[in-house]
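Since every read-out is calculated from the coordinates, none of them should be taken as a lab result. Since we're looking at a predicted model, the values are computed, not measured. Neighbour counts run over all protein chains shown; Cβ positions are idealised from the backbone, glycine included.
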Amino acid sequence: MKGLCLRSLAPDNDKEKKEEAYELVRKGVKHDLKSHVCWHVYGLLYRQDREYKEAIKCYLNALRIDKENIQILRDLALLQIQMRDLSGFVDTRHQLLTLKPSNRSHWITFAVAHHINGNHELAVQVLNQFESTLDEVPASEAYEHSEMLLFAATVLGAGGKPEEALAYLDKRKDKIKDRQGLQELTASLLLRVGRRAEAEAAYRALLEVNPNNYKMHDGLQEALGLRPDANGELTDEARAQLASVYGELQKQYPRSSACRRIPLDFLIGDNFVAAADAYLRGGLTRGVPSLFVDVRPLLAGPVKRVALQRLVEGYRDSLKSKGAYPPLSGGDGSASAPESPQTLVWVLLFLARLYDGQGRLEEALAAIDEALAHTPTLIELHVAKAKVLKHAGDLEGAAHCAETSRRMDLQDRYLNSVAVKALLQAGHCAAAERTASLFTRDGEQGAYTLYDMQHMWYEVAAGRAHAAKGPSGAGPALKKFTAVVQHFNDISEDQFDFHSYCIRKGTLRSYVGMLGMMEKLYGHEFYSKAAAGAVRVYLSLHDSPPGAANGSDEEALLAGMSPEERKKYKLQKKKEEKEKARKAAEDKEREEREKREREKAAAAKGGKKAPAASKREPDPDPEGAKLAATPDPLGEASKLVETLVRHAGSRPASHCLAAEVALRRGRLVVALGAVRRAAQVAPGGLANPDVHALLVRLALAVETSPPENPVVRSVVAAGLQALMGQGSARDYAAAWRKRHGATSLAHRVAAGRAEVLLGGADEAKARAEAVALVLEEDPSASPHDHAECAEVHRLLRDTWGDAAAAERWRAACAAAFPHSRYFGGAQAIALEAAYDFENMREAFGKLSF
């Protein structure tokens, strides 16, 4: 017991007290190996430290001594479902039910255990048997009983028995309190058994409750047999029927936006133009900011994209010349009523976002500037301009516009987030953190509060911003990326409390849904981004260890920079030093202020000493220096890659990173498997540039340093032959270059990298050929990504060391991206020299435009 108390009192980072607690408990176990209490306490310690496998072993040892201990069985069951040991979970819940059948939760949990283990029929039998034991359901448990009935019907449906589920619901519908849930479940079951007429009536009744519920619209279309086929196609007859159905729904629900928006997905030709015309006019007249996002899926098809563009451009021209919309498409040709002057502003904003999506950045900026000249106080215009400038390469200008929009409404959290993201993209990490901290509680440190609030989008963006700074940003980048990884570990751990809570509250369907969500937790986009970012930082630390950096390295780095880049580098370094000094001064000032406040409070209480203010334990590694100083960066990267491959295997980046780590560790069989899986999921397969670069590197590694083990050598050789065919790596690279080398800029770069890798003794010639291949690309050809072009410039200048080629590429990109500050574009927006994001202070006064 002393060990358990000591562990509960010890902070998580106090390893000495934790070890002392474990040592005490081990002594207790040694003194009495046949005490179930000692083994139980030992398991509790492991559970507290999330060592669930060890905790389960301790619980099993305790149960060997006391097989009918209810508390130990409960704790064991919680760990088994947490670890998804489903067969063990079923056995443990059966033991609990046998020992105490009068407990309602034991019946419910036993049924849930069978359901998640795939024994749906047995789960329903358990629930029916439990229901038969109830003479009367108390009024206080009516809701829980209702949820149990709905859960049983759901289980029957999941077990492939929708007819029985319908009969089950019909027999017990008077006992079900969730009428909306009952209707939705009944409608879906009717659809599954083919009773389409009844399903149609059910979905129409649900639409009366909420005509904007898209799921109900999907169900209605399925009931009518008018859903698109596997290729997303509809027959002309089906389109006509759907048009008739939605014509009736629009009359029945004239205020429903979904009834007017959904027809745009299936209508074509003049019918689409007429429907889109009416829909766009309504949104533009009312000034709906989300209108473009609403219709953006329609832009994927070239026909509808051109039609929408012509409509909105027609609005712009007519509003400029006549102050009204043109005659309605498909109408009687009568003139439209005059519109508010503000309508033109929303039309220009829509056009700007449309042009931005097409890569027509100059036209997008022209439209926004015209709208700003008309209404400079419209916040959405500044936000849109920030996005366009980001795509145009003017990250500083984008940050300026985003900051302007934020200051126009200081209480808007969304605008604050937009400004923070823009500042991070421009590399102003300290300013971004201070801006984000404006919405944290007063007196708390921003970084701590943002971590507690699990601002994962911020941490991913901040990690990328720090990583872009190179070796100096490795520590802070890892700090942010690993924070996101820790958030997901905490989310997985948090489900522990719901295993018993959801059963007690009766929310069985939500509980099962939560378990399913947890199965896919580590496949979430935020986890993939953070883990991939951390892996890339670890790879860079392995390739260039921090200890290798010295003053001569920095001099060599500065020597390879242009005068503008050298100036920017030194300015950034100076700002970082000033920022550290400023933070230290602010921390000291805050401590002194808190001390004065405590003394003042003590004096106000008649000389009594005021209690010390609660203070968070200081972060032992605030800048991530310990993370960056790991002795085995590849080992840390391997842990993250393993999770990525297991849970985010549908993303090519997961397998590409796995191949990168395996190649560096010399595990060629693992690298081969990763490349093969990347080729399976990547767009284009083996034609994908990232996959091609990895495959060439793998083949070259096998050719230059063949594995010593003959079995490994034969396996890798057979795998490479299956991917590359007969011939050497050089033959394959030449064939790939001929077939795919001119597809895109990324393909040219991949072909050039392969050429340099395979250059052998004549490296200079291979590098010249690679440079010539890359420079064949015209960066002014649309569309091109600014970040990709900047990466190519760094490749030419730093990696391949061709300053002349880098300058040629820079000049071409400066013409293609005239707003780019990186390439020295001539049209980058002018900012005041005193506009310093890193040292700005909040100005809450009026803005001048």
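Within a 10 angstrom radius of the beta carbon, how do Cys5, Cys813 rank from fewest other beta carbons to most?
Working: Cys5 11, Cys813 24.
By the 10 Å Cβ count, ascending, the order reads Cys5, Cys813.
For the pair Val711 and Val681, a Förster radius of 30 Å applied to the C-beta separation gives a FRET efficiency near 0.60, rounded to the nearest 0.05.
Taken one residue at a time, the phi angles of the stretch 289-298 give Karplus couplings (6.51, -1.76, 1.60, θ = phi - 60°) of x, 8, 4, 5, 4, 5, 9, 4, x, 5 Hz. Gly and Pro are set to x.
If the label point is 7 Å along Cα→Cβ of Ser510, which residues in the stretch 183-216 have backbone nitrogen under 18 Å from it? Within reach of a label on Ser510, which here means backbone N under 18 Å from a point 7 Å along Cα→Cβ, the stretch 183-216 contributes 183-185.
Each residue of the stretch 682-690 is assigned a 3J(HN,Hα), and the resulting list reads 6, x, x, x, 5, 7, 5, x, 5 Hz, derived from the Karplus form 6.51 cos²θ - 1.76 cosθ + 1.60 (θ = phi - 60°), x at Gly and Pro.
Given axes a ≥ b ≥ c from the Cα gyration tensor, I'd like to know whether the chain is rounded (a/c under 1.5), prolate (a/b larger than b/c) or oblate. Could the numbers behind the result be given before it?
Details: a/c = 1.40, a/b = 1.12, b/c = 1.26.
Note, shape of the chain comes out rounded.
Distance between Cα centroids, the stretch 158-230 to the stretch 478-545: provide it in whole Å. Going from one Cα centre to the other spans 34 Å.
Computed from the alpha carbon positions, the gyration tensor of the stretch 658-720 leads to an equivalent ellipsoid with semi-axes of 20, 11, 10 Å, biggest first. A Förster radius of 25 Å, combined with the Cβ-Cβ distance separating Arg794 from Ser472, puts the computed FRET efficiency at roughly 0.90. Among Met408, Met453, Met148, a tally of other beta-carbon atoms within 10 Å of each Cβ gives an order, fewest to most, of Met453, Met408, Met148. With θ taken as phi - 60° and the coefficients 6.51, -1.76 and 1.60, list the Karplus ³J(HN,Hα) couplings across the stretch 631-647 in order, rounded to whole Hz; mark glycine and proline as x. Values, residue by residue: x, 10, x, 5, x, 5, 5, 4, 4, 5, 5, 4, 5, 4, 5, 6, 10 Hz.
The convex hull drawn around the Cα atoms of the stretch 2-179, when projected onto a plane and averaged over every direction, covers 12.5 nm².
The label-point distance for Ala772 and Lys520, in a model that sets each label 7 Å from Cα toward Cβ, rounds to 5.1 nm.
For a quick check of your reading of the filter: which GluC sites (Glu not before Pro) in the stretch 146-234 sit in a DSSP loop and have no more than 16 other Cβ atoms within 10 Å?
On the way: sites: Glu147, Glu163, Glu164, Glu184, Glu198, Glu200, Glu208, Glu222, Glu233; in loops: Glu233.
Listed in order of number, the matching sites are Glu233.
How many angstrom separate the Cα center of the stretch 38-90 from the Cα center of the stretch 307-356? If we compute the Cα centre of each part, the gap is 68 Å. The ranking of Val420, Val209 from fewest to most other beta carbons within 10 Å of each one's beta carbon is Val209, Val420. Close amide-amide hydrogen proximity is noted between Ala324 and Leu319, Glu339, each under 5 Å apart and 5 or more residues distant or on a separate chain (H modeled in the peptide plane; Pro and chain starts excluded). Most tightly packed first, judged by the mean number of other beta-carbon atoms within 10 Å of their residues, the peptides 398-405, 302-309 read 398-405, 302-309. For the chain, the mean residue ellipticity at 222 nm estimated from helices alone is -22000 deg cm²/dmol, where every DSSP H run of n ≥ 4 contributes -39500 (n - 2.57) and the total is divided by all residues, rounded to the nearest 500.
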